[in-house]
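Below is one structure, written out as structure tokens, with a few remarks after it.
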Amino acid sequence: MNAIDTLNEYVGKAVSWLTTILVLVICFDVIMRYLFTWSSAAVFELEWHIFASIFMVGSAYALKHDKHVRVDLFYSKFSEKKKAWVNLIGTLIFLFPFCIVIIWTSIPFVQNSFRILETSPDPGGLPARFIIKSTIPIGFILLLLQGVSIVTNSLKTIVNPKPADS
């Protein structure tokens, strides 16, 4: 559990630096477009490649810190033990199957992209589209691993609740 949390913490902090790069690329794009009436398919694609990388690879970090989207009608009022049950069941029923399906179906997709050395179909677009496509299984593997950590932590909380939480 600690190894998974440490991995996703490190990856999340590394990926967070991409947000600074994304802001700089967008500023460059806006300045070039509006001041010099120049635009580039490569710059535009770079923006969404960076955003996709942040989203895909950073999702496990967000889950680790409980910063993901949650419809919270009752959860915040639950005891730690009830929260652990919700996290355990939700992870087992929803997160694990979803991650497994995405990993399983994305690997041939990424392999094919690597095999043909896929590039952008747009004139002047970025080469090596296969690199960005590889973030799909990588991101979901990290998310699946974080799910393992959540399950382990939830079981620990359920089996050994804090005295005031029983």
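The values are calculated or read from the model by the stated rules, or taken from the named source; none is laboratory data. Small disclaimer: the values here were computed from a predicted structure and weren't measured. All Cβ positions, glycine included, derive from the backbone under ideal geometry; neighbour counts span all protein chains shown.
Please name all residue pairs, on different chains or six or more residues apart, with Cβ atoms under 6 Å, provided the first residue is in region 64-78 and is closer than 12 Å to Gln146 by Cβ and the second residue is surrounded by 10 or more Cβ atoms within 10 Å (Cβ to Cβ).
From residues that are closer than 12 Å to Gln146 by Cβ, the pairs are Lys64/Asn8; Lys64/Gln146; His68/Ala62.
Please tell me if Ser16 is modelled with pLDDT of 95 or more, assigned to a helix (DSSP H, G or I), surrounded by 12 or more Cβ atoms within 10 Å (Cβ to Cβ) and among the hydroxyl-bearing types (Ser, Thr, Tyr).
No: the conditions fail for Ser16.
Can you confirm whether Val71 is modelled with pLDDT under 95 and either surrounded by fewer than 16 Cβ atoms within 10 Å (Cβ to Cβ) or farther than 27 Å from Gly124 by Cβ (or both)?
It is true that Val71 is modelled with pLDDT under 95 and either surrounded by fewer than 16 Cβ atoms within 10 Å (Cβ to Cβ) or farther than 27 Å from Gly124 by Cβ (or both).
How about region 91-123: which of its residues are surrounded by fewer than 15 Cβ atoms within 10 Å (Cβ to Cβ) and over 30 Å from Ala41 (Cβ atoms)?
Matches in region 91-123: Leu92, Ile93, Phe94, Pro97, Phe98, Ile100, Val101, Trp104.
Count, please, the residues in region 37-47 that happen to be at pLDDT 95 or above and either surrounded by fewer than 11 Cβ atoms within 10 Å (Cβ to Cβ) or within 23 Å of Ala60 (Cβ to Cβ) (or both).
Within region 37-47, residues that are at pLDDT 95 or above and either surrounded by fewer than 11 Cβ atoms within 10 Å (Cβ to Cβ) or within 23 Å of Ala60 (Cβ to Cβ) (or both) number 1.
Being touching a His at 6+ places or on another chain (Cβ under 8 Å) and buried (at least 16 other Cβ atoms within 10 Å of the Cβ): is that true of Leu126 here?
For Leu126, the condition - touching a His at 6+ places or on another chain (Cβ under 8 Å) and buried (at least 16 other Cβ atoms within 10 Å of the Cβ) - is met.
Evaluate the following for Leu88: is it surrounded by 18 or more Cβ atoms within 10 Å (Cβ to Cβ) and closer than 22 Å to Gly139 by Cα? Outline the logic, then answer.
On the way: surrounded by 18 or more Cβ atoms within 10 Å (Cβ to Cβ): yes; closer than 22 Å to Gly139 by Cα: yes.
So Leu88 fits the description; yes.
Quick one: Thr37 ticks every box in (1) at positive phi; (2) touching a residue at least 60 places away in the same chain (Cβ under 8 Å); (3) among the β-branched types (Val, Ile, Thr) except a single one, so which number is it?
(2)
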